[in-house]
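Here the structure comes first, spelled out in structure tokens, and everything after it is commentary.
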Amino acid sequence: MSKYERFDCCYATILDKCSKGVFLLLDNDEKAYAKDFTTHKSGTKVLCTVLKSATEKFRTLVSIDSVVYDYQLAA
């Protein structure tokens, strides 16, 4: 699959979290980061919008728009 551009929407799965945000795996196998979203566990599927494309130093930056499948509630 191709890389996502700014303002593209995509599905992602939360991989891990830190104190300031979450790390995600987009549906095209690209790694991403979302700030200020630490309430859900790993495995949660979300719908997000790309805010900034990846660079050599940083991952793709996304905003999480909606939770599609909440791993917490399903387990």
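The values are calculated or read from the model by the stated rules, or taken from the named source; none is laboratory data. Just so it is clear, the model here is predicted, and its values are computed rather than measured. Counting neighbours? That spans all protein chains shown, and the Cβs are built from the backbone with ideal geometry, glycine included. Surface areas here come from the heavy atoms of the whole protein model, side chains and all, with no ligands, DNA or RNA. Shrake-Rupley method; radii C 1.70, N 1.55, O 1.52, S 1.80 Å.
Among residues that are touching a Leu at 6+ places or on another chain (Cβ under 8 Å) and outside any strand (DSSP E or B), Tyr11 is not included. Scanning region 1-14 for residues that are surrounded by 14 or more Cβ atoms within 10 Å (Cβ to Cβ) and within 12 Å of the chain's Cα centre (by Cα) returns Cys10, Tyr11, Ala12, Thr13, Ile14. The residue of region 15-28 that is nearest to Ile64 (Cα to Cα), among those that are in a loop (DSSP other than H, G, I, E, B) and open to solvent by less than 90 Å² (accessible area, probe 1.4 Å), is Asp27. Of the residues making up region 29-49, those that are open to solvent by less than 40 Å² (accessible area, probe 1.4 Å), within 11 Å of Val62 (Cβ to Cβ) and not hydrophobic (A, V, I, L, M, F, W, C) are Glu30, Thr49. Val68 passes every criterion in (1) surrounded by fewer than 18 Cβ atoms within 10 Å (Cβ to Cβ); (2) within 9 Å of the chain's Cα centre (by Cα); (3) among the aliphatic types (A, V, I, L, M) apart from (2).
Thr55 satisfies every condition listed in (1) under 18 Å from Lys3 (Cβ atoms); (2) of a type outside the set (Phe, Trp, Tyr); (3) modelled with pLDDT of 90 or more; (4) exposed (fewer than 14 other Cβ atoms within 10 Å of the Cβ) except (3).
Looking across Ala54, Ala34, one residue alone is part of a loop (DSSP other than H, G, I, E, B) and in contact (Cβ under 8 Å) with a residue 12 or more places away in the chain. It is Ala54.
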